[in-house]
Amino acid sequence: LPVLFKRLLKNEEVEEGGTALLHCELSKPNSPVEWRKGDTVLQPSDKYEIRQEGTRVELFIYDAEAEDG
């Protein structure tokens, strides 16, 4: 069976310089997930932290700026 979103992403607002947290819940644990901004695949760095535990996947965006939207 394909992996489905049990809980979809929601729009989040954060002050410039703050930390944004995006998260979703999948139908199968530990399924591979790619976070993207347009055509660019986001990679873990000082700016982005990606966590996955079971069916929950999180993306932290540190020092958020307007162009992160």
**Report entry** Extension gain, VAL41 back to GLU15 (0.36 nm per residue minus Cα-Cα distance, nm)
**Finding:** 7.0 nm
Query - Where a label projected 7 Å from the Cα of ASP68 along Cα→Cβ would reach, residues of segment 1-22 with amide N under 13 Å - result: 12-22
Query raised in the report: In whole Å, what three semi-axes, largest first, describe the equivalent ellipsoid of the chain built from its Cα gyration tensor (square root of 5 times each eigenvalue)?
Result: 23, 12, 11
Query - Inter-label distance, nm, simple model (7 Å from Cα along the C-beta direction), ARG7/TYR48 - result: 2.2 nm
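What order, most packed first, do the peptides 40-53, 18-31, 1-14 have when packing is the mean number of other Cβ atoms within 10 Å of each residue? Mind dumping the intermediate values first?
On the way: 40-53: 11.8, 18-31: 13.6, 1-14: 9.6.
So the order, starting with the most tightly packed, is 18-31, 40-53, 1-14.
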Requested in this report: Check cross-link reach from LYS6 to the lysines: straight Cα distance under 18 Å, and skip same-chain residues fewer than eight apart.
Outcome: LYS28
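Read-outs: derived from the displayed coordinates by stated rules, not from any lab. Only a predicted model underlies this, so the values are computations on that prediction, with no experimental measurement involved. All Cβ positions, glycine included, derive from the backbone under ideal geometry; neighbour counts span all protein chains shown.
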